[in-house]
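Asker: Mind having a look at this structure? Questions to follow.
All of the numbers you see were taken from the coordinates with simple rules; none came from a lab. Bear in mind that the values here come from a model prediction, so they are computed numbers and not experimental data. When we count neighbours, we look across all protein chains shown, and the Cβ atoms used for this are built from the backbone with ideal geometry, even at glycine.
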Amino acid sequence: MAHRVETAFLFDLDGTLIDSVYQHVLAWQEALDAEGVELSVWRIHRKIGMSGGLFTNMLLRETGLEFDIQRIERLQRRHAEAYRRNMRNVRPLPGSRELLRALRDAEIPFAIATSGRMETAGPALETLGFDFSETPIVTRDQVKFAKPEPDLFLAAAERLHVGADRASVVGDSVWDMLAATRARFLGIGLLSGGYGLEELERSGAYRVFEDPADLLKHLDEVGGRR
């Protein structure tokens with residue numbers, strides 16, 4: 001009898017498990033305003049989920065301004081400070097706790113891979129009220145490049161001891177799906193971060209669900225047998 005290959009899930013955090021995308025958008029807007037950089041909120045939103053370095057490169061293209069290393073560090077520090085002040089408004093997305101509990105109860109391996117640094121990811125994880133002591137957590141601090149590079153998801157898969165044939169990335173942004181595709185993982189998109197169905201599908205998602213609660217209802221369709 002053929003051995004069944006069990007799926008492992010690699011989760012993004014912001015917009016995937018917690019409802020925090022717009023807090024990040026407003027935190028970046030505050031940081032940019034403090035530096036005298038004008039950028040529309042919708043433009044900031046389109047960049048949430050990518051690495052801070054790539055975010056800065058795109059700012060250079062869109063604003064025509066110059067950013068030295070000191071200014072970049074100030075922007076990142078101000079963003080982190082503003083985000084921490086808004087943490088009280090961050091909530092788990094519907095079904096996120098239940099989804100994680102279902103995976104743990106079924107002994108289905110999963111990890112968290114986020115473009116956020118531990119200073120912001122740590123408090124964000126606490127909002128889920130879930131015991132992550134046995135869950136691999138990979139943050140921006142631990143890899144050379146963040147999304148859309150695949151390093152975060154590759155590191156998470158390595159810590160779960162699974163290869164591309166067993167791993168599915170769950171994320172809310174095109175950057176998650178692009179990173180998944182580059183790592184040859186399957187991509188599962190969620191609409192809970194503000195990206196549309198067609199955008200996620202075009203960037204590599206083979207299935208798209210509304211939020212973690214919707215994914216939980218259809219878990220068996222993406223290899224998560226309970």
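Asker: Just going by the charge dipole of the chain, with Lys and Arg at +1 and Asp and Glu at -1 on Cβ, which of SER203, LEU128, SER168 is farthest out on the positive end?
Answerer: Farthest along the dipole direction, towards plus: SER168.
Asker: Specify, per residue and in Å³, the volume enclosed by the convex hull of the alpha carbon atoms belonging to the stretch 22-88.
Answerer: Values: hull volume 5.1 nm³, N = 67.
Per-residue hull volume (Cα only) is 76 Å³.
Asker: Please compute P(r) over all alpha-carbon pairs of the stretch 167-220, binned at 10 Å starting from zero, and give each bin as a whole-number percent.
Answerer: Taking all Cα pairs of the stretch 167-220, the binned fractions are 30, 57, 12 percent.
Asker: By average Cβ neighbour count within 10 Å, what is the ranking of 41-47, 201-207, 150-156 from highest down?
Answerer: Working: 41-47: 16.0, 201-207: 17.9, 150-156: 24.0.
Going from most to least packed, we get 150-156, 201-207, 41-47.
Asker: What nm value, rounded to one decimal, do you get for the distance between GLU126 and TYR206 when each label is placed 7 Å out toward the C-beta?
Answerer: 3.9
Asker: In straight Cα distance, which lysines are under 28 Å from LYS47, not counting same-chain residues fewer than 8 positions off?
Answerer: Partners within reach: LYS144, LYS147.
Asker: Mind checking the full-extension length gain between GLU81 and HIS161? Use 0.36 nm per residue of separation minus the Cα-Cα distance, one decimal, nm.
Answerer: On the way: separation 80, 0.36 × 80 = 28.80 nm, distance 3.51 nm.
That works out to 25.3 nm of additional length.
Asker: Once every DSSP H run of n ≥ 4 in the chain is given -39500 (n - 2.57) and the sum is divided by its residues, what mean residue ellipticity at 222 nm do you get, rounded to the nearest 500 deg cm²/dmol? Can you show the working numbers first?
Answerer: Details: 10 runs with 98 residues, N = 226.
That calculation yields -12500 deg cm²/dmol at 222 nm.
Asker: ARG97 label point, 7 Å along Cα→Cβ, cut-off 17 Å on backbone N: hits in the stretch 193-226?
Answerer: 212-214, 216
Asker: Which cross-chain or sequence-distant (5 or more) residues have an amide H under 5 Å from the amide H of ALA8, H modelled 1.01 Å from N in plane?
Answerer: Residues meeting the criterion, in which the H sits 1.01 Å from N, are ALA167, SER168.
Asker: Size of the dipole of the stretch 22-88 about the Cα centre, Lys and Arg at +1 and Asp and Glu at -1 on the beta carbon, nothing else charged, in debye to 20? Provide the component values of the computation, followed by the final result.
Answerer: Details: 11 positive and 9 negative charges, 68 e Å.
Its charge dipole is roughly 320 debye.
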